[in-house]
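The values are calculated or read from the model by the stated rules, or taken from the named source; none is laboratory data. Being a predicted model, the structure only gives us computed values, none of them experimental. Please note: Cβ atoms are built from the backbone with ideal geometry, for glycine as well, and neighbour counts cover all protein chains shown. Accessible surface areas use protein heavy atoms only, side chains included; no ligands, DNA or RNA. Shrake-Rupley method; radii C 1.70, N 1.55, O 1.52, S 1.80 Å.
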Amino acid sequence: MTEASRALAGACSAGAIHEIVVSAARELTGASRVVLLLNDEQERPVVRFALGLAPALLAELRDAPQPSFDEGIARALRGAARVVSAPLIAEERVAGVLSVARWTEDADDGASLLPVLADQAAVALAAAARAAPPEGSASQRNAGGAAARGSVEEQQARLEADVERGRYRLLARATKESIWDWDIRNDQVERNETFYELFRFTPEQADPSGWWWLGRIVPEDRDRVARDIEQAMHGDGDSWSAQYRVVRGDGSIARVIDRGYVLRDAAGKAIRMVGSTVDLTERLRMENALRDREDRLRLATWAADVGTWSIDLATWDDTRDASLNRILGLEERETTQPTHDWLSRVHPEDRDAVMAMVERCVRERCVYDIVHRIVRADGAVRWVHDRGRIVHDAGRSTSLLTGAVVDITGLKQLEEERAELLRREQQALAQSEKDRLRAEDANRMKDEFLATVSHELRTPLTAILGWARLIKEKDLGPERVRQGMAAIERNARAQAQIVDDILTVSRIITGKLRLHTVAVDLAAVIEVALDTLAPTARAKEIEISVDLDEELGHLSGDPDRLQQVMWNLLSNAVKFTPKRGRVTVRAARSDAQVVIAVTDSGKGITRGFLPYVFDRFRQGDSSPTRAHGGLGLGLAIVRHLVELHGGTVEAESPGEGRGATFTVTLPAQAAPSSAHDGPPPAPRPVALEDEGSTPLRGLHVLLVEDEPDAREMLTFLLQETGAQVTTAGSTGEAMRVLERLRPDVLVSDIGMPGESGYTLIQQVRAAGRVEIRGIPAVALTAYARIEDRRRALTAGFQKHVPKPIDPSGLVKVIADLAGRP
C-alpha cells in the first residue's frame, strides 16, 4: 500500500494513475479481475482500465458509456463469486468506482484497503486534472514562456501539498487514530477531529489543558499513567506509550493505547509532546469474540466427534487435531506427521480409493469427499466420512488441502438396522390381511361387549325399578313385598358385581393392579368361595364335591385376589352346569407347586373356542338368544391374577355338552411368617328384622354424607338399630358439630364436594382437644379398591366400608368400634 501511495504521488497523467490503481488493487486483494470505471465529460460511467478481462470483452467495454456503475461492473465481472467495490469521491460526489472479482466468497485479505486505495486515486486524479495545461494555440502557449514557469512550479507545490493533506486525511480515516499536540510550557493541547469523534466529546466539552485528559482515565489506571508521563517528561527518553481505560463523553469505557514523542530544548527540558491515541475496544472485542468462536468450534468438534486435518501440499505434512487422533484411538492432542501415516491407518481395501481421491482433488481442484474405513490403534474398524477442499494463497498457488472427518459407524449400523427393519416390515405386510381381520374381529368384539354391558346392566335395573314402582304404587301384601325387596337386593348385587369386574379389567389393562402378598390359608380361601356360592348351587340342586389335601397349608399370595380367582371359577361352573349337575373342587400340594382343579358336568367348551376362553370380552355365545348372561370378563381376570402370582391356568373340555375342567397351578414357595393383614372377613350379619334388635342403643353417631337420599337411608338404618344420629353434609359442618357435641363414632363419606372425607379425618386427628382426636371413625365410600381401603386406613379411619353397603355389616362395624359385644 505504501508503494502504491508513492507511485500515485509521483504520477503526472491520468493514464498512469489508472494503471497504478488497477495493478495495486489486484496485488492487494489477490483478485482475478479488476476494473476501473470513471465518469466522462457528460457524467456517464466509462471503463477506463481493466486487468484479467477477456480481450473481446475489454474491447467491447473500453471507453463505451454504461447505463450505470452497477451495470458496468456486472458486465465486466460477470460470474464472479464475490465482487468488492469502492467509490472514488472527489468534490463530495462519486467520480468513479474501483471493483475487484474475488476467487471465493470468504476471502477477505486486502479487501479492507480497497477504499483507502480508491480515496488516494481520487486525490491523485484531481491533482492531475488541476495540473494539466489549459487548451490553446501553440503561439499562446509559447507566449507564456518563462513567466508561466514560476506559477506552474507554485501550482505543482500546492498540488503536492493537497496530495499530502489528502494522504494524511486518508491515513487518519483508515487507522481511526486521534492525534494530539501538547505544548507543555503553556499546558495547551490541540486535538484533531478524529479525537472528538472517537471519544464522543464536543470541542466545547474538552478542556485544552493536558491534565484534563488524565482526569478522564479510570481511577485504577490513572496513577500509573501519570507516573509514566512524569517519567517521560523528566527523563532523557524521546518516546512514551501506555495502555489504559478512559471514560468517553457518553459515559462508556474505552480501552486505548497512547503513544507520544517528546521534543526537548537545548537544555534537555521537555517542551512539547506529540502523539496519537488508538481506540482498541473494538479490536479487543473482536479478538475475544474470535477466541470464543474458536473455543466453541473446538468444543463443538469435540462434542460432535468431528476431527479436522490439514495437509501442506508443499511438504505433504499432515496436521491432525486432538479430536481426529481420538477417533483414531491415539493420544488426544494435536500432532503433525507425514501424510503416509494417515494412509497407513486407512483400511487396506479402501486405501487406493483414498489416494485416487487426493490426487484428483489436487489435479482438478475439486472437493475432496469420500466415505471409507479406518483401522484404529486398538484394531477396531470404524466408518468415516472424509470431506475437504484446496485452500489457495493470494498468488493462486496451492498451499493446503484441509478438511474434516466424521465417525459415521453408528450411522452405518443404523442403515443396517434399517435394512433389517425393512425386511421385517415386508414380512409384516405379508400378514396384513390377517391383521385386518383381527382388527375387524376386535371391533366386533367391542361392539358386542358394549351391547352385552348395556343388556347386563339394564336387566337387573328393570327388576329393581319395576319392583320399586310396584311397592310404591300398589298395596301389596307382606309376602309380595318381601319377594320384591329380595329381588331388588339380588339384582343390585348383580349390578355391583358387573361394575367390579369392569373396574378390575380396567386396572389390569392400565397396569395399576397390584398384589398385597401375605401368608394365605388356601383351604380357607376355597371354603369362603364355596360358602358364598352354596345358596345358588342349592337352588339348582347342584352337588358340589370338595377334595382338599390335608397338607395344603399356606402359600404366599394376595388373599383377596385368590378368593376372586376361586369365586370366578366356581361361579362359572355353577352357572354353566344344568340342574342336578355336579361340580368337583380338588386341591393338592407337591414340593414345588399347588394344583387346584374345578370340574363341572355342564355345557362344555367347543374345540374352536377353547384357545380364546381366557380372552377379554370373549363369550362362547354372544347372540341375543344366549342362555347365560355375563360380560365375558371373569376368566380373563382369573388368568391375569394367577399370572401375577407366578402361576398358570388351563382349560380342558372333551367337547360341547361334556363339561369342562379349569386347572390353576401356583408356586408353592415359602409363605411369609407374618399373619394375613389383608381385608378382614365379612362381619357376622346382624338380624335387623328381629323384634327389639337394637345393637347400637345408647350410641351417638355423627353421620357425614353429602347425598341427601343416602343420608336419609343411613340415618333411618342407624336409628332403627337404637343409635342417636346427628347428620352433616360437609366437612366444615361436621367439624362444627364436633366442637359442640360428643359423638361416640364418626361415619363419613369420602367423595364430597369441596373437601373430601380424607380432609375431614386429617382435621379430626389434628384437633386440639383429645376427645375429638380420639373419636373412632368409619370410611363409608364408593371407592372400593384395595388401594382405596389402604389409603383410608392410612389417613386415620379405623374401618373402610365400601358401597353399596350391607346394612347388617355396617351396624356390626359400628358396634365393634364402640366396643359393643
Expected single match for touching a residue at least 40 places away in the same chain (Cβ under 8 Å), aliphatic (A, V, I, L, M), out of contact with any Asp or Glu (no Cβ under 8 Å at 6 or more places or on another chain) and surrounded by fewer than 18 Cβ atoms within 10 Å (Cβ to Cβ) among Leu810, Leu718, Leu741, Leu746 is Leu741
Picked from segment 681-718 (must be in a loop (DSSP other than H, G, I, E, B), under 27 Å from Ile772 (Cα atoms) and aliphatic (A, V, I, L, M)), the residue modelled with the highest pLDDT is Leu699
Considering segment 368-386, residues that are open to solvent by less than 40 Å² (accessible area, probe 1.4 Å) and β-branched (Val, Ile, Thr), and then whichever is nearest to the chain's Cα centre (by Cα), we arrive at Val384
Taking segment 797-814 and keeping residues in contact with a strand residue (DSSP E or B) (Cβ under 9 Å, 6 or more places away or on another chain) and assigned to a helix (DSSP H, G or I) leaves Gly809, Leu810, Val813, Ile814
Going through segment 342-367 in order, the residues found to be in contact with a Ser or Thr (Cβ under 9 Å, 6 or more places away or on another chain), at pLDDT 90 or above and either surrounded by fewer than 17 Cβ atoms within 10 Å (Cβ to Cβ) or of a type outside the set (Val, Ile, Thr) (or both) are Arg351
Across segment 14-70, the tally of residues that are more than 22 Å from Pro115 (Cα to Cα) and not in a loop (DSSP other than H, G, I, E, B) stands at 9
Checking Arg389, Arg333 in turn, the sole residue that is part of a strand (DSSP E or B), open to solvent by 80 Å² or more (accessible area, probe 1.4 Å) and closer than 15 Å to Ser310 by Cα turns out to be Arg389
- [ ] Could you please let me know if Ala779 is closer than 28 Å to Val499 by Cβ and in contact with a strand residue (DSSP E or B) (Cβ under 7 Å, 6 or more places away or on another chain)?
- [x] yes
Going through segment 699-715 in order, the residues found to be acidic (Asp, Glu) and either in contact with a Lys or Arg (Cβ under 6 Å, 6 or more places away or on another chain) or buried (at least 22 other Cβ atoms within 10 Å of the Cβ) (or both) are Glu705
When (1) part of a loop (DSSP other than H, G, I, E, B); (2) out of contact with any Asp or Glu (no Cβ under 6 Å at 6 or more places or on another chain) are applied to Met752, the one that fails is (2)
Taking segment 96-112 and the residues there that are among the aliphatic types (A, V, I, L, M) and either at pLDDT 75 or above or part of a loop (DSSP other than H, G, I, E, B) (or both), the one that is farthest from Ala80 (Cα to Cα) would be Val97
Note on segment 202-216: residues touching an Asp or Glu at 6+ places or on another chain (Cβ under 9 Å), among the hydrophobic types (A, V, I, L, M, F, W, C) and crowded, with 16+ Cβ neighbours inside 10 Å are Trp213
Would you mind stating whether Leu552 is out of contact with any Gly (no Cβ under 8 Å at 6 or more places or on another chain) and either under 29 Å from Arg785 (Cα atoms) or open to solvent by less than 20 Å² (accessible area, probe 1.4 Å) (or both)? yes
Every listed condition ((1) modelled with pLDDT of 90 or more; (2) out of contact with any Phe, Trp or Tyr (no Cβ under 8 Å at 6 or more places or on another chain)) holds for Pro753 save (1)
The number of residues in segment 775-796 that are at pLDDT 90 or above, part of a loop (DSSP other than H, G, I, E, B) and among the hydrophobic types (A, V, I, L, M, F, W, C) is 1
Taking segment 227-251 and the residues there that are closer than 21 Å to Arg264 by Cα and surrounded by 14 or more Cβ atoms within 10 Å (Cβ to Cβ), the one that is farthest from the chain's Cα centre (by Cα) would be Met233
task = Might you check whether a residue that is among the β-branched types (Val, Ile, Thr), modelled with pLDDT of 75 or more and either touching a His at 6+ places or on another chain (Cβ under 9 Å) or under 30 Å from Thr599 (Cα atoms) (or both) occurs anywhere in segment 506-514?
result = no
Going through segment 770-807 in order, the residues found to be free of Cβ contacts under 8 Å to residues at least 60 places away in the same chain, hydrophobic (A, V, I, L, M, F, W, C), farther than 20 Å from Leu738 by Cβ and open to solvent by 40 Å² or more (accessible area, probe 1.4 Å) are Ala782, Leu793
